[in-house]
Amino acid sequence: MKDPLALARRLDAVDYLVDDGLAMALFLALKLGKPLLLEGEPGVGKTTAAKALARALDTPLIRLQCYEGLTAGEALYEWNYQRQLLAIRLAEAQHTPLTDADLFSAEFLQERPILRAVRHPGPVPPVLLIDEIDRADDEFEALLLEFLGEAGITIPELGTYTASTPPVVVLTSNRSRELHDALRRRCLYHWIEYPQPGRAAEIVRRAVPGAAEPLIRTATEFVGGVRGLELDKAPGMAEVIDWVAALSVLGATDLAADDARWTIGAIAKTPDDRAAVATALGTHQESQL
Ligand SMILES: Nc1ncnc2c1ncn2[C@@H]1O[C@H](COP(=O)(O)OP(=O)(O)OP(=O)(O)O)[C@@H](O)[C@H]1O
Ligand SMILES: [Mg+2]
């Protein structure tokens with residue numbers, strides 16, 4: 001991959017469309033081997049960026065979904081207690097004593113996503129997606145620092161594993177809480193904006209191939225405008241895609257159709273938003289008469 005443009009083309013080939021800023025951020029993350037922290041409103045394509053990168057590089061995607069209460073045992077590694085117990089019983093039955101070193105050996109280690117990424121044999125590095133890091137407790141971030149800084153994990157009983165082919169690491173956050181400076185410092189950073197109307201239309205065109213051209217254009221423009229209203233939940237790209245898919249199934253070719261009103265639940269997800277979007281749609285339809 002010689003430059004950001006070449007990467008953008010590869011991503012385009014797997015239907016992920018980037019602007020220059022995101023192409024540069026992803027390119028640098030690859031070339032410098034640094035983790036990339038992606039932030040942006042819901043539905044701007046943060047999670048899909050990592051998935052698309054894995055497909056574009058033709059390499060496995062290893063995914064860690066973060067949530068409140070996520071522990072090291074679920075994210076890094078865990079000892080297989082049941083197998084250890086069995087080994088102890090067996091050893092007792094055979095009168096062959098087991099030492100701690102026997103029990104805490106690689107044989108009894110269970111890989112979780114981060115250790116799996118560190119131990120990936122290569123030659124092409126995997127893409128590790130640490131999705132929605134802001135949902136994990138802030139202590140969890142501290143567990144990641146060694147890995148993010150050195151592409152390694154220290155297991156007290158076994159020593160340090162360092163990746164021979166360091167994974168491409170993408171972290172995402174919705175900013176539901178502030179992340180620690182220590183974590184930010186170890187990452188490159190990019191804020192993903194909503195796509196411009198032209199790119200947004202192209203994203204929808206690829207996702208809903210049968211949709212009529214005027215429907216794609218007016219729906220993406222309308223949703224772009226609706227994001228400027230004070231909504232509880234601004235619609236992202238997934239919502240536009242759902243809306244156009246719904247209208248297309250119903251045979252609509254543009255937003256003038258009555259069906260636009262009946263399918264508003266695809267883009268407005270609370271009673272207040274529904275009312276606000278319905279009003280905006282009414283104004284839009286009148287202006288088309
Ligand atoms: N640049 C893009 N190219 C192609 N598809 C895109 C792009 N951006 C968003 N999408 C589409 O929009 C949808 C939502 O994207 P995604 O789930 O990645 O958003 P997100 O930022 O992770 O949202 P959340 O914060 O809610 O998790 C997906 O269906 C994805 O295919
Ligand atoms: Mg996501």
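Cβ-Cβ contacts under 6 Å between residues 6 or more apart (or on different chains), taken from a first residue in the range 129-151 that is outside the structural domain of Thr59 (by TED's automatic domain parsing) to a second residue that is within 16 Å of ligand 2 (Cβ to nearest atom), are absent.
Among the residues of the range 189-201, those that are away from ligand 2 (no atom under 16 Å from the Cβ) and surrounded by fewer than 17 Cβ atoms within 10 Å (Cβ to Cβ) comprise Tyr189, Gln196, Pro197, Gly198, Arg199. The single residue among Arg185, Arg217, Arg205 that is without any contact (Cβ under 8 Å) to a residue 24 or more places away in the chain, within 30 Å of Ala52 (Cα to Cα), assigned by TED's automatic domain parsing to the domain that holds Val169 and not aliphatic (A, V, I, L, M) turns out to be Arg185.
Before we move on, is Ala72 out of contact with any Pro (no Cβ under 6 Å at 6 or more places or on another chain), surrounded by 20 or more Cβ atoms within 10 Å (Cβ to Cβ) and among the hydrophobic types (A, V, I, L, M, F, W, C)? Judged against the criteria, Ala72 is not a match.
Just one of the numbered conditions (1) in contact with a strand residue (DSSP E or B) (Cβ under 7 Å, 6 or more places away or on another chain); (2) more than 16 Å from ligand 2 (Cβ to nearest atom); (3) among the basic types (Lys, Arg) is not true of Lys31: (1). Evaluating Tyr189 against the criteria (1) of a type in the set (Phe, Trp, Tyr); (2) assigned to a helix (DSSP H, G or I); (3) under 30 Å from Val118 (Cα atoms) leaves one unmet condition, (2). If you go through the range 39-63 and keep only what is in a strand (DSSP E or B) and either touching a Phe, Trp or Tyr at 6+ places or on another chain (Cβ under 7 Å) or near ligand 1 (Cβ under 8 Å from one of its atoms) (or both), you end up with just Glu39. When Ala234 is tested against (1) crowded, with 18+ Cβ neighbours inside 10 Å; (2) touching an Asp or Glu at 6+ places or on another chain (Cβ under 9 Å); (3) in a helix (DSSP H, G or I), only condition (3) is not met.
Restricting attention to the range 9-26, which residues are of a type in the set (A, V, I, L, M, F, W, C), more than 9 Å from ligand 1 (Cβ to nearest atom) and closer than 15 Å to Ile192 by Cα? Correct list: Ala23, Met24, Ala25, Leu26.
The values are calculated or read from the model by the stated rules, or taken from the named source; none is laboratory data. In this text the structure is predicted, and so the values were computed from the model without any measurement. Cβ sites come from the backbone with ideal geometry, for glycine too, and all protein chains shown count toward neighbours.
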